[in-house]
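What follows is a single structure, written as structure tokens, with notes after it.
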Amino acid sequence: MPQRTAPRLGRELSVVGLGCWQLGADWGEVPEERAVEILEAAADAGITFLDTADVYGDGRSERLVGSFVHGRGRERFTVATKMGRRADPHTAEQFTPDNLRRWNDRSRELLGDDTLDLVQLHCPPPEVYARDDVFDTLDEMVEEGRMRAYGVSVETVAEAMSAIARPHVASIQIILNVFRRKPLEEVTGAAAEAGVAIIARVPLASGLLTGKFDETSTFSPDDHRAFNRHGEAFDVGETFSGVPYEVGVQAAREFSAIEGPGTPAQRALRWIVDQPGVTTTIPGASSPEQARANAAAALLPPTTEEAERAYAELYDRLVKEHVHDRW
């Protein structure tokens, strides 16, 4: 598994990581035994970067990830978590020094680490990006040994650019996939120039890019692909990358028909790995088989120029009008 780093982060990450949202909640039921099997399969396939958050299953994902990496050999892994979505209400006023430390303490306990590898603000309210006191507190928390580095998980390109301008932000987590290409216009380049890692999330557009869904597919009530299609619970861009479901199904069908090595999902992941400035991408997995297949995408041949032109044409024709100017 190839590894990449970025100067501000200073840690090597596997170019394909594992997103651990589904180990906590919001993707249908994943029993603990299955969650551990997924983590084992990912590690066996060379994945060393695990991304979780304090709100995934109200701490369930952090607890499972922490237990796994400590049992498997803690030094082999880089674990990123997120904080801020526990704020109630989710407003900028909640991002106080006391709350930031309290959220951090909870993650340290659940993950079993005195010093966390990477802590990301979890899609904070837009006003937070201009709050010097928030970023000063994060700097203090690094000095206190609570975490080695911090980053920001963002919703929009504008938020990403604001975060990159902060001198000690080590990583930006942003939605980037074949159906969400806007970050390539300026974010990836600015991040590379600043030495900031790019963590590409929602790489398979919530499963659309696997090509396995059609107009009749259904999802369990506790799956965000059922309850957040219109942004009822959180930003709609987190579900199917914000692409209307019927449009996404048609676009995914055409994507799957574009020839190339591997499965459609692997080709979609390989495309992300090929983008300059990207450090890692974090697909989730609902089975050990999926985790192994996702990891194998890193070993595919690079995306050809012909395939890239076809992907870009597909985006421009079917998807761009729905997402490009929104995020």
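The values are calculated or read from the model by the stated rules, or taken from the named source; none is laboratory data. If you're wondering where the values come from, they're calculated on a predicted model, not measured in any experiment. With ideal geometry, Cβ positions are generated from the backbone for all residues, glycine too; neighbour counts draw on all protein chains shown. With ligands, DNA and RNA removed, areas are computed over all heavy atoms of the protein, side chains included. Shrake-Rupley method; radii C 1.70, N 1.55, O 1.52, S 1.80 Å.
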Worksheet item: So E62 clears everything in (1) part of a helix (DSSP H, G or I); (2) touching a Ser or Thr at 6+ places or on another chain (Cβ under 8 Å); (3) surrounded by fewer than 23 Cβ atoms within 10 Å (Cβ to Cβ) except one condition, right? Which one?
Response: (3)
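Yes or no, residue by residue, for (1) in a loop (DSSP other than H, G, I, E, B); (2) free of Cβ contacts under 8 Å to residues at least 40 places away in the same chain:
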position	(1), (2)
E185	no, yes
A192	no, no
S206	no, yes
L209	no, no
F219	yes, no
E232	yes, yes
E246	no, yes
F255	no, no
Discussion item. Contact list please: Cβ distance under 7 Å, first residue in the stretch 308-327 and within 21 Å of R229 (Cβ to Cβ) and assigned to a helix (DSSP H, G or I), second residue basic (K, R) and open to solvent by less than 40 Å² (accessible area, probe 1.4 Å), pairs at least six apart or on different chains.
Written reply: Y315/R181; V323/R180
Worksheet entry | Index of the failed condition, A257 passing every other in (1) of a type in the set (G, A, S); (2) closer than 24 Å to G189 by Cα; (3) surrounded by fewer than 18 Cβ atoms within 10 Å (Cβ to Cβ) | (2)
Worksheet item: So which of D88, D136 ends up being out of contact with any Asp or Glu (no Cβ under 9 Å at 6 or more places or on another chain) and outside any helix (DSSP H, G or I)?
Response: D88
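Yes or no, residue by residue, for (1) open to solvent by 20 Å² or more (accessible area, probe 1.4 Å); (2) closer than 25 Å to V202 by Cβ; (3) not aliphatic (A, V, I, L, M):
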{"position": "A42", "(1), (2), (3)": "no, yes, no"}
{"position": "F49", "(1), (2), (3)": "no, yes, yes"}
{"position": "T78", "(1), (2), (3)": "no, yes, yes"}
{"position": "N99", "(1), (2), (3)": "yes, no, yes"}
{"position": "D114", "(1), (2), (3)": "yes, no, yes"}
{"position": "P124", "(1), (2), (3)": "no, yes, yes"}
Fill in: Filter result for the condition that a residue is modelled with pLDDT under 95 and either touching a Phe, Trp or Tyr at 6+ places or on another chain (Cβ under 8 Å) or within 22 Å of E155 (Cα to Cα) (or both), over D88, D132
D88
Practice prompt. Find the residue count for the stretch 257-281, including only residues that are in contact with a Ser or Thr (Cβ under 9 Å, 6 or more places away or on another chain) and part of a helix (DSSP H, G or I).
Written response: 9
Worksheet entry | Among (1) open to solvent by 60 Å² or more (accessible area, probe 1.4 Å); (2) within 21 Å of the chain's Cα centre (by Cα); (3) not acidic (D, E), the one test that A296 misses | (1)
Worksheet entry | Selection from the stretch 143-164 of residues that are open to solvent by 50 Å² or more (accessible area, probe 1.4 Å) and touching a strand residue (DSSP E or B) at 6+ places or on another chain (Cβ under 8 Å) | R148
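Give the number of residues within the stretch 1-31 that are assigned to a loop (DSSP other than H, G, I, E, B) and either open to solvent by 30 Å² or more (accessible area, probe 1.4 Å) or among the aliphatic types (A, V, I, L, M) (or both).
Counting residues in the stretch 1-31 that are assigned to a loop (DSSP other than H, G, I, E, B) and either open to solvent by 30 Å² or more (accessible area, probe 1.4 Å) or among the aliphatic types (A, V, I, L, M) (or both) gives 16.
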Worksheet item: Can you name every residue in the stretch 280-298 that is in contact (Cβ under 8 Å) with a residue 60 or more places away in the chain and among the hydrophobic types (A, V, I, L, M, F, W, C)?
Response: I282, A285, A291, A295, A296, A297, A298
Response to the item:
Note on the stretch 27-54: residues farther than 14 Å from P288 by Cα and out of contact with any strand residue (DSSP E or B) (no Cβ under 7 Å at 6 or more places or on another chain) are E29
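Tell me, yes or no, whether the stretch 200-214 has at least one residue that is within 15 Å of the chain's Cα centre (by Cα), buried (at least 18 other Cβ atoms within 10 Å of the Cβ), modelled with pLDDT of 95 or more and among the β-branched types (V, I, T).
yes
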